[in-house]
Amino acid sequence: ALVTAQVSETEDAVDQRELQVAGRDRRTAAVAAITFAAASAVLAVLFLTSQGDVSRHSDLHRPSTWKSLFRDDRLGFADEGGWSESLQRLLPWRAQERGLDDVKPAKGLAPIWRGGQSLNPYAKQDKAICTGHVMAASAWLAAASLKVKAAVQECDPRNYGPDPQNSVVSPGPALPGQQAFVHVNNTLLPAFCSRSVLGIIRDFTRVGVLLEGCAATCQNEDLVGIGCATAVTNLVSVTANIGRFGSELDIFCPNGLASFQNYFNCADRLEGIAWSIDIWSTSMGASVEECANVTDGNSKVDYAACVGELLSAAAYVGSSGLSITSAADFDCPSSYDPKEYAAMSDDQKERARYRCARDATSFARTIGLSSSKAIRAGGHCGGSSTLCGRTIGRAAAALAGVAEDGTFLYQFCHPPTKCCKRDSKTFKVECNCTPEDIKENKEADEQDRELCSRFSASTVKMLSAAVTLIFEARAECDVHEDFASNACASFVSAAVASLGYLAESISRQVRRCAATNNPRTWFACSQDTGFVGDALDTLSRGIGAATVNCGLGDVKRQTNFINFGRRFFVP
């Protein structure tokens, strides 16, 4: 009777807590729904506005091919291909008869993923990039301030060791005048400290690059030397980022110093280096060209980008190798001794299976990115157009990322854990949970719900990114499909992917920014804050490009495609 009373009191307390959590979840869901509805309304209004413009020029709506558009004398085109006054009013940006691929975008300008590319290659002002970069700069400035807090904790020797001085044992709350505990092994201090310091440098220089991009795209005036300044600042930023990932290799790669060290986490850090090497080499070339004024606008050969793509492809192969090592030697059922595996519980066997699937899909994703880098290297080295193959490789990587997200959804998205379970061998139902077990189950379920929310949003992001790249590949692989209607679908999908990325980043913030008693979460919280800015930046560019292209039908595409950042290819 006494045990029953204790269980009843515990369950009442847990039920009360669940009501509070449910109320918070409903408020969070309401805010997310309102945000999504507002963004959807903006897209709908922009799309209908563009449709209205086309309705006033019905002769322009969906000719059989773009060539027929330029040959249609009814539109007022001269034989040499002059633009009619009505078409000039219709198009927000005055397009050229030549394809957009014939124009080499200025390097060092925004967005900064690969040396610089604006949405509109013909105009100086670009409001979509200007707006997005202002929001991203604000987010990364906040992220830099959080990393300062992380550096204060992670660079203090008193926070390390088996008996750290003047500290409390994690996860207990730190009292006034006390410092939080970082790690029991003080040999990890240089790695933790250096990643925070390099992260601060990266964030502040990233803010500089974004603001320099604003200076170039928020007005129509030519700024002398802005390309050089942006390229050099970007080079410093990416160099610090590579150093940060290098420091984290010592933290997360297996060396027997910490429980969170494994080959899967190690592969993720090597993947960050792989992506950044390409940008570093391209920014180096851009700095030389912009600052020495030796840019050849007609040449498609880019040896700096060529070297960067090749190194990046090789590093991605190394990351995929670590994923295979994680699967073959540690995670898959075949990695266990048969007798050891037979003695494992059903939950342990299930955990081994989904970790094996996670490693396998991660391998496929990184191989797809490696192939896209290698294919693009051929274009930069030889001066040929390999955008079609590159984009197909990225689309394949995004689809593999959807499968990888599925392994996390299988792990974290589940009904509440029940106290009574059926034994798989005796088939008897056993209810032997203590009050402490019930409390632990409820807390674990709450944490799993937060992770389920994160990876659900990531699935939307990855799937929408794959759709975006499929439409992009359609235009790059067949010039006769390079229409504004096709680009519209790509840009709308990019906007949806950005919304998924935004929801994912906020879910990560909710989980990691609240754990202030653990100093290692300050760095993670700062990263999530910056990711929110990146999501808003990409969303702004997606909406801006969709505004220009949607509703024009089979007219030639009016803007460049959007280059996604690394996080759009990572669950």
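Considering only residues in the range 138-182 that are surrounded by fewer than 12 Cβ atoms within 10 Å (Cβ to Cβ) and of a type in the set (S, T, N, Q), the one that is modelled with the lowest pLDDT turns out to be 166.
Could you tell me whether any residue of the range 301-320 is at pLDDT 90 or above, of a type outside the set (Val, Ile, Thr), farther than 18 Å from residue 563 by Cα and in contact with a Cys (Cβ under 6 Å, 6 or more places away or on another chain)? Within the range 301-320, none of the residues are at pLDDT 90 or above, of a type outside the set (Val, Ile, Thr), farther than 18 Å from residue 563 by Cα and in contact with a Cys (Cβ under 6 Å, 6 or more places away or on another chain). Against the test of being in a helix (DSSP H, G or I) and touching an Asp or Glu at 6+ places or on another chain (Cβ under 6 Å), the options 370, 320, 326 yield a single qualifying residue, 326. Given the criterion surrounded by fewer than 18 Cβ atoms within 10 Å (Cβ to Cβ) and either in contact with a Leu (Cβ under 7 Å, 6 or more places away or on another chain) or within 21 Å of residue 182 (Cβ to Cβ) (or both), identify the matching residue among 266, 253. Answer to the selection: 253.
Which condition does residue 111 not pass, out of (1) at pLDDT below 55; (2) open to solvent by less than 30 Å² (accessible area, probe 1.4 Å); (3) touching a Pro at 6+ places or on another chain (Cβ under 8 Å), if it passes all the others? Checking residue 111 against (1) at pLDDT below 55; (2) open to solvent by less than 30 Å² (accessible area, probe 1.4 Å); (3) touching a Pro at 6+ places or on another chain (Cβ under 8 Å), the one that fails is (3).
If you check 236, 224, 288 for being open to solvent by 60 Å² or more (accessible area, probe 1.4 Å), farther than 30 Å from residue 356 by Cα and either touching a helix residue (DSSP H, G or I) at 6+ places or on another chain (Cβ under 7 Å) or in contact (Cβ under 8 Å) with a residue 60 or more places away in the chain (or both), only one passes: 236.
Tell me, which residue of the range 358-390 that is open to solvent by 40 Å² or more (accessible area, probe 1.4 Å) and polar (S, T, N, Q) is farthest from residue 300 (Cα to Cα)? Filtering the range 358-390 for residues that are open to solvent by 40 Å² or more (accessible area, probe 1.4 Å) and polar (S, T, N, Q), the one farthest from residue 300 (Cα to Cα) comes out as 371. Based on what the data block shows, is residue 552 closer than 23 Å to residue 397 by Cβ and either outside any helix (DSSP H, G or I) or of a type in the set (A, V, I, L, M, F, W, C) (or both)? Considered against the rule, which asks whether it is closer than 23 Å to residue 397 by Cβ and either outside any helix (DSSP H, G or I) or of a type in the set (A, V, I, L, M, F, W, C) (or both), residue 552 comes out as no.
Is one or more of the residues making up the range 517-524 open to solvent by less than 20 Å² (accessible area, probe 1.4 Å), at pLDDT 90 or above, within 20 Å of residue 454 (Cβ to Cβ) and assigned to a helix (DSSP H, G or I)? Within the range 517-524, one or more residues are open to solvent by less than 20 Å² (accessible area, probe 1.4 Å), at pLDDT 90 or above, within 20 Å of residue 454 (Cβ to Cβ) and assigned to a helix (DSSP H, G or I).
Flag set for residue 449, criterion: of a type in the set (Lys, Arg), modelled with pLDDT of 90 or more, open to solvent by 60 Å² or more (accessible area, probe 1.4 Å) and part of a helix (DSSP H, G or I).
Checked across the range 346-357, the condition of being out of contact with any His (no Cβ under 6 Å at 6 or more places or on another chain), open to solvent by 40 Å² or more (accessible area, probe 1.4 Å), part of a helix (DSSP H, G or I) and of a type in the set (Phe, Trp, Tyr) holds for no residue. Among the residues examined, residue 439 qualifies as over 29 Å from residue 567 (Cβ atoms) and either assigned to a helix (DSSP H, G or I) or of a type in the set (A, V, I, L, M) (or both). For the range 270-285, a tally of residues being closer than 12 Å to residue 566 by Cβ and open to solvent by 10 Å² or more (accessible area, probe 1.4 Å) returns 4.
Does residue 244 qualify as being open to solvent by less than 20 Å² (accessible area, probe 1.4 Å), without any contact (Cβ under 8 Å) to a residue 60 or more places away in the chain and either in a helix (DSSP H, G or I) or aliphatic (A, V, I, L, M) (or both)? Considered against the rule, which asks whether it is open to solvent by less than 20 Å² (accessible area, probe 1.4 Å), without any contact (Cβ under 8 Å) to a residue 60 or more places away in the chain and either in a helix (DSSP H, G or I) or aliphatic (A, V, I, L, M) (or both), residue 244 comes out as yes.
Only residues that are open to solvent by less than 40 Å² (accessible area, probe 1.4 Å), out of contact with any His (no Cβ under 8 Å at 6 or more places or on another chain), part of a helix (DSSP H, G or I) and not aliphatic (A, V, I, L, M) were counted across the range 183-211, and they come to 10.
The values are calculated or read from the model by the stated rules, or taken from the named source; none is laboratory data. Predicted, not measured: the structure shown is a model, and the values here were computed from it. Note that we place each Cβ from the backbone using ideal geometry, even for glycine, and neighbour counts take in every protein chain shown. Side chains included, ligands, DNA and RNA excluded: accessible areas come from the protein's heavy atoms. Shrake-Rupley method; radii C 1.70, N 1.55, O 1.52, S 1.80 Å.
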